[in-house]
Amino acid sequence: MKTVIYLDELLLVNFLAAAAMLLAAGLLAGRQCTLPRLLAGAAGAAAASLSLLAPALPEPAAVGWKLASCGAVVGLAYGFPGIRSFARLWGWYLLANLLLGGAVLLPGAQSRNLSLYLPLSPGLLLGCCGGVYLGLQGLMYCCGRGQPGTFAAVLELAEGSCLPVQAFYDTGFSVQEPLSGQPVVLVRYAAVRRRLAAPLQLFMDRYFADASPLPEPQWRLRLVPCRTVAGHCLLPALPARTLRTDSACTQPLLAAFSAADPEDGWELLLGTDTARQLGMV
């Protein structure tokens, strides 16, 4: 007896399942992604599910394909937030896929190349995925989160660069520009280096290498004094149009860049003044 698989249903079902698993992986890893990135990751997972229709691969090749496709899907949804954070996201998402793969024992399930097809209606699947995600949210609420969560945001610099970042609200962080009183956010340079325009990237590389480069006048760069556990320092800061999330945005502020390279996690640090504008306090 042959099983008839409808392509539109296969793509839709895998799109919904991948979106739920990506959200669950982010929840467990303490990360967030924007809606466009989530949709891109889920679409990539749906496209990868077409391997179900391809000829069967040898088992080592099928495992390699699964590892690579899961890594690509996580990269689409969350970017590359650092080796440790990416590994956590990849691991949770891969585990969710493998647990779902255990459903091949269910009646009517079809599997090939470690891709799974379940004869369920999209509505039923969406309800099941939503129920599992809500259950996971409840479990995390009752047991507490393993680490403080970051949230997805976009920093729009006045010179034109838009930097998707993982931001973290630190109640102990408070830096202002001395002359204007503008709030300052701290950006970890190593995390956003590749997202900057080439001339700005070159300037920052030389600045943090103590080469004393001259900035372009149109950048309106300022040096902001900052005190850390390592002592006093002057950080290069650029005007930013806004820091925005999916639901709010700030007034113009300054983005100071730091060469510090803490453990993977936040890429941008903000204080109470900025958090208030985002409606977080």
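Which of the residues spanning the range 160-193 are modelled with pLDDT of 85 or more, of a type in the set (D, E, K, R) and open to solvent by 30 Å² or more (accessible area, probe 1.4 Å)?
R193
Could you say whether any residue in the range 19-42 is touching a residue at least 40 places away in the same chain (Cβ under 8 Å), more than 22 Å from L268 (Cβ to Cβ), touching a Ser or Thr at 6+ places or on another chain (Cβ under 9 Å) and hydroxyl-bearing (S, T, Y)?
No: the range 19-42 contains no residue that is touching a residue at least 40 places away in the same chain (Cβ under 8 Å), more than 22 Å from L268 (Cβ to Cβ), touching a Ser or Thr at 6+ places or on another chain (Cβ under 9 Å) and hydroxyl-bearing (S, T, Y).
Examine the range 249-256 for a residue that is open to solvent by 20 Å² or more (accessible area, probe 1.4 Å) and modelled with pLDDT under 85, and state whether such a residue exists. Walk me through it before giving the result.
Of all residues in the range 249-256, those open to solvent by 20 Å² or more (accessible area, probe 1.4 Å) come to 249, 251-252.
Keeping just the survivors that are modelled with pLDDT under 85 gives none.
No, the conditions are met nowhere in the range 249-256.
Has the range 1-20 got any residue that is modelled with pLDDT under 85, within 19 Å of T245 (Cα to Cα) and not in a helix (DSSP H, G or I)?
The answer is no; no qualifying residue exists.
With respect to R84, is the statement that it is basic (K, R), part of a helix (DSSP H, G or I) and modelled with pLDDT of 80 or more true? Quick ask: steps written out before the conclusion?
On the way: basic (K, R): yes; part of a helix (DSSP H, G or I): yes; modelled with pLDDT of 80 or more: no.
Considered against the rule, which asks whether it is basic (K, R), part of a helix (DSSP H, G or I) and modelled with pLDDT of 80 or more, R84 comes out as no.
A quick yes/no check of all residues on (1) among the aromatic types (F, W, Y); (2) part of a strand (DSSP E or B):
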position: V187; (1), (2): no, yes
position: V192; (1), (2): no, no
position: Q201; (1), (2): no, no
position: Y207; (1), (2): yes, no
position: A211; (1), (2): no, no
position: P215; (1), (2): no, no
position: R227; (1), (2): no, yes
position: C233; (1), (2): no, yes
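So L155 clears everything in (1) open to solvent by less than 20 Å² (accessible area, probe 1.4 Å); (2) part of a loop (DSSP other than H, G, I, E, B) except one condition, right? Which one?
With (1) open to solvent by less than 20 Å² (accessible area, probe 1.4 Å); (2) part of a loop (DSSP other than H, G, I, E, B) applied to L155, the lone miss is (2).
Do the conditions hold for L200, that is, is it in contact with a strand residue (DSSP E or B) (Cβ under 6 Å, 6 or more places away or on another chain), surrounded by 16 or more Cβ atoms within 10 Å (Cβ to Cβ) and over 14 Å from A259 (Cα atoms)? Even if it seems obvious, please write down each step before you answer.
Details: in contact with a strand residue (DSSP E or B) (Cβ under 6 Å, 6 or more places away or on another chain): no; surrounded by 16 or more Cβ atoms within 10 Å (Cβ to Cβ): yes; over 14 Å from A259 (Cα atoms): yes.
In short, no.
The values are calculated or read from the model by the stated rules, or taken from the named source; none is laboratory data. Computed from a prediction, not measured in an experiment: that's the story for all the values here. Cβ: placed from backbone, ideal geometry, glycine included. Neighbour counts: every protein chain shown. These area figures cover heavy atoms from the full protein model, side chains too; ligands, DNA and RNA do not enter into them. Shrake-Rupley method; radii C 1.70, N 1.55, O 1.52, S 1.80 Å.
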